[in-house]
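Taking it in order: structure first as structure tokens, then the write-up.
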Amino acid sequence: MSNKAVLIGEFRKFFKFLIQEMKPRGKWLTPFNIISIPIILLGLVILFFRFTKGLGSVTNLSQQFPWGFWIGFDVVTGVAFAGGAYIITFVVYVMRVEKYHSIVRVTVLNGLLAYIFYAGALVLDLGRPWHIINPIIGNSFGYNSVLFLVSWHFLLYMIAEFVEFSPVIAEWAHWEKVRKFVSALTLGAVIFGITLSMLHQSGLGALFLMAKPKIHPLWYSEFIPILFFVSSIFAGLSMIIFEGIISHKVFKDLIGEKSHYSYEEIILGLGKGAAIAMFVYYFFKALIFIHEKQWVLINDFWGYWYLVEVIGFVLIPCFMFAYAVRNRSIGIIKIASVLALIGIILNRLNISVIAFNWDVANKYYPSWQEIVVTLMVVFSEIWAFRWIATRMPVFSKEN
Amino acid sequence: MNRRNFIRTTATISIAALPLGKLNAQENKEKKEFVGVLVDTTRCLGCRLCEVACSEEHGNYVPDVKNDHALEKIRDTSEKQWTVVNRFETKNGEVFVKRQCMHCWQPACTAACLTNAMFKTKEGPITWDGDKCMGCRYCMVSCPFDIPKFEYNKWNPKIQKCNMCYERLQEGKKPACVQACPKDALLFGIKRELMEVARHRVYSYPDKYVHKIYGEHEVGGTGWLYLSAVPFEQIGFRTDLGTTPYPEYTKEFLFSVPLVLFGVPALLFGLNLLTDRKNELNKNERWENE
Amino acid sequence: MEFYYYVNIFETKGLEYLLLICFLVLFILMVRYISTSDKKKS
Ligand code: SF4
Ligand code: SF4
């Protein structure tokens, strides 16, 4: 009886706390809010039509292009960008490199939100989303499908990342016991999460293995899964650098000087990792190029486009990273990370949309509605990130 | 169920399950073989009665065959019509080709489907189940013949494709299109027997037919077979699809998944222990999980 | 018609090994290039 009363009391306290935390903080009319609020509202209107009138009413998808911008950008690219979380947790928890400990929390949060929002965008694209539980509750397991594997891994990975992040939530809600408990789970969740990441990052590439006759031979290769995995490493690292630079400006007052490794050192270290990963990736590409004797394909539009992607957005940013690390130039690292991110976008979109059915007459291009919804997803992710970052101890690493 | 597993197991060449699979195969052989249809394009008149019969059978859009001049363009099957007949101008004159799902032996679409909504029945036809499908359209991405079609303009969209009149087959009838064909251009039967008929025709009239039966080996063999008087690429067939069954392309990846799931966590844990030891030796502050 | 034809998978192997050697050499150079920066500073 009294036990129950205590529980209810606790719950009430927490509820009050939650309500209090829900309230917005700081100024309302920031430029970001002014841009993002209308877009999010517009996106909701578009989604209303999408769910009542069908996908065709707002997207340019067609029978020849069943997957468009929502899959190609939101899901395939978004998940590659979220790869930073598994790399950083690997470095910090498995290899125990203390240098990066101060960015673990924010990276995991970014990864978690990216999965929730970008992989969640998959639901928007499903024609019959109410059946999404079918492959999960097990009344119809399509074990032999790559997509089955990828969707399960998304789900499990989200849980793993949530466990990794939950100590922060417990700290914020002042649940000391819970914090201790979930902290103990961290290493397990990290190891599980890294394994899952390896599999679904490459799995996203493996999705396209059966589209062999449809993808331009310069982009199709039986090694797509490996290429996707390797490129997710530098995609993730570049994204951490990029986000780090932005949040260092925006959340300046939240970031304490607790870590004794300077921010600059961390960025340079990440840049070093990205340079090496890109270098390896470039040679993978070259190896496949030679093995498949693709030089006969290089002398037309698609060939040049391929060179733009591989040289302009892989090799050049790779050298820029290397140069910047050697000369300790944060400025060049910033540019290089942006270039590398564009390169990833290009690569993923090339495989899923641009060089997909490259020879058909009416090519697919995204409608404005598709772009607005994509922006909506990105902005709402930033909103969620901001809400959490300003309330929970994300940027700090105290014990 | 066993039968289905067997197909899948052989498709993914599971060595461990092979002896068992062989037993099943013998046991099932007497029971049933996959059915298919042989299309002899030299006999087709282009009357399009099969289109009409198909749409009537399945409640789809029934074309007005007499007046719609549909043969002037090359059409594709659509979410409204599961089969279409196209006219091709060749050096042998007009050739009419019916197009529909090929009912592959080892279909890419069922390997792609994560809910088993696309399903290869034990009789051979590939069917679609609306209670399972979640509309991901991965089957459309995977099908080498671009057959599954999606209703983009409905809130409750379906995947539309030929199911070889599965309901009729169960009643012991032929597919509606085969029934409707006035010229016997379509022949329904077990693939093994159809192949014999097809070979017989090709060998008896070597000047009339090209020496190839489309569907014998394409993408691992298909249920629908085609005979033609002109090379197949001239009448709208892709001849660059290869003979590998499409599920094979993802086989290696799917096989490596359990390996990674077993191996990598152990490896990572080992690495973790290793680094811990190093830290101790270095007398660094002990790592603590926060 | 032509279902069986010979695919020479070794045709480009020479080039591939050449690429691999280039890669290893360049990789060492690259790693050295990157990691000298620390020394320069300290
Ligand atoms: S033709 Fe396409 S839809 Fe038909 S069985 Fe083959 S893969 Fe499936
Ligand atoms: S759209 Fe439906 S039938 Fe096609 S793969 Fe997805 S769940 Fe299966």
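The values are calculated or read from the model by the stated rules, or taken from the named source; none is laboratory data. If you're wondering where the values come from, they're calculated on a predicted model, not measured in any experiment. Counting neighbours? That spans all protein chains shown, and the Cβs are built from the backbone with ideal geometry, glycine included.
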So which of A:PRO135, A:PRO167 ends up being facing chain B (nearest Cβ under 7 Å), assigned to a helix (DSSP H, G or I) and in contact with a Lys or Arg (Cβ under 6 Å, 6 or more places away or on another chain)?
A:PRO167
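Condition first: assigned to a helix (DSSP H, G or I) and at the interface with chain A (Cβ under 9 Å from one of its Cβ atoms). Now tell me which residues in the range B:231-250 satisfy that.
Answer for the range B:231-250, where residues must be assigned to a helix (DSSP H, G or I) and at the interface with chain A (Cβ under 9 Å from one of its Cβ atoms): B:PRO247, B:TYR249, B:THR250.
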Any residue in the range B:124-147 that's more than 7 Å from chain A (Cβ to nearest Cβ): show its pairings with residues that are among the polar types (S, T, N, Q) and more than 10 Å from ligand 2 (Cβ to nearest atom) at Cβ separation under 6 Å, as long as the two are six or more apart or on different chains.
B:PRO125/B:ASN163; B:THR127/B:THR121; B:THR127/B:ASN163
Those residues of the range B:134-143 which are in contact with a strand residue (DSSP E or B) (Cβ under 9 Å, 6 or more places away or on another chain) and either near ligand 2 (Cβ under 6 Å from one of its atoms) or not assigned by TED's automatic domain parsing to the domain that holds B:VAL219 (or both), in sequence order:
B:GLY135, B:ARG137, B:CYS139
If A:GLU292 satisfies all but one of (1) modelled with pLDDT of 90 or more; (2) within 14 Å of A:LEU227 (Cβ to Cβ); (3) not small (Gly, Ala, Ser), what's the number of the condition it fails?
(1)
Hey, any hits in the range A:369-377 for a residue that's more than 19 Å from the chain's Cα centre (by Cα), more than 21 Å from A:PHE242 (Cα to Cα) and modelled with pLDDT of 90 or more?
yes
Residue, nearest to the other protein chains (Cβ to nearest Cβ), within the range A:170-189, restricted to residues that are of a type in the set (Gly, Ala, Ser) and assigned to a helix (DSSP H, G or I):
A:SER183
Checking B:ASP146, B:ASP131 in turn, the sole residue that is within 16 Å of ligand 2 (Cβ to nearest atom), assigned by TED's automatic domain parsing to the domain that holds B:PRO245, among the acidic types (Asp, Glu) and under 25 Å from B:SER228 (Cβ atoms) turns out to be B:ASP146
Mind checking which residues of the range B:129-147 are buried (at least 21 other Cβ atoms within 10 Å of the Cβ) and more than 9 Å from ligand 1 (Cβ to nearest atom)?
B:CYS133, B:MET134, B:GLY135, B:CYS136, B:ARG137, B:TYR138, B:VAL141
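Which residues, taken from the range B:152-162, are within 12 Å of ligand 2 (Cβ to nearest atom) and more than 7 Å from chain A (Cβ to nearest Cβ)?
B:LYS158, B:ILE159, B:GLN160, B:LYS161
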For the condition away from ligand 1 (no atom under 13 Å from the Cβ), more than 14 Å from every other protein chain (Cβ to nearest Cβ) and in contact (Cβ under 8 Å) with a residue 24 or more places away in the chain, what is the one hit in B:THR90, B:THR83?
B:THR90
Looking only at the range B:101-120, and only at residues there that are away from ligand 1 (no atom under 11 Å from the Cβ) and either of a type in the set (A, V, I, L, M, F, W, C) or within 12 Å of the chain's Cα centre (by Cα) (or both), the one that is nearest to the other protein chains (Cβ to nearest Cβ)
B:LEU114
Residues that are over 18 Å from the mean Cα position of the chain (by Cα) and among the charged types (D, E, K, R): does the range B:234-248 have at least one?
no
Going by the structure shown, is A:LEU156 within 16 Å of ligand 2 (Cβ to nearest atom) and at pLDDT 90 or above?
no
Selection status of A:PHE192, within 7 Å of chain B (Cβ to nearest Cβ) and free of Cβ contacts under 8 Å to residues at least 60 places away in the same chain:
yes
Within the range A:274-309, the residues that are away from chain C (no Cβ under 14 Å) and in a helix (DSSP H, G or I) are A:LEU297, A:PHE301, A:TRP302, A:GLY303, A:TYR304, A:TRP305, A:TYR306, A:LEU307, A:VAL308, A:GLU309
Taking B:MET102 as meeting all but one of (1) within 15 Å of ligand 2 (Cβ to nearest atom); (2) surrounded by 24 or more Cβ atoms within 10 Å (Cβ to Cβ); (3) in contact (Cβ under 8 Å) with a residue 40 or more places away in the chain, write down the number of the exception.
(1)
Check the range A:200-222 and report whether any residue there is under 15 Å from A:PHE90 (Cβ atoms), in contact with a helix residue (DSSP H, G or I) (Cβ under 8 Å, 6 or more places away or on another chain), without any contact (Cβ under 8 Å) to a residue 40 or more places away in the chain and in a helix (DSSP H, G or I).
no
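Does B:ASP184 fit the bill of being closer than 23 Å to B:ASN86 by Cα, touching a residue at least 60 places away in the same chain (Cβ under 8 Å) and among the acidic types (Asp, Glu)?
Details: closer than 23 Å to B:ASN86 by Cα: yes; touching a residue at least 60 places away in the same chain (Cβ under 8 Å): yes; among the acidic types (Asp, Glu): yes.
Yes; evaluated as a whole, the condition is true for this residue.
Of all residues in the range A:138-155 being assigned to a helix (DSSP H, G or I) and crowded, with 20+ Cβ neighbours inside 10 Å, which is nearest to the chain's Cα centre (by Cα)?
Out of the qualifying residues, it is A:PHE154.
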Just one listed residue, out of B:THR110, B:THR115, B:THR121, is closer than 30 Å to B:PRO247 by Cα, crowded, with 22+ Cβ neighbours inside 10 Å and in contact with a strand residue (DSSP E or B) (Cβ under 9 Å, 6 or more places away or on another chain), and it is B:THR110
Quick check on my filter: what residues within the range A:341-371 are surrounded by fewer than 21 Cβ atoms within 10 Å (Cβ to Cβ) and within 15 Å of A:LEU207 (Cβ to Cβ)?
A:LEU349
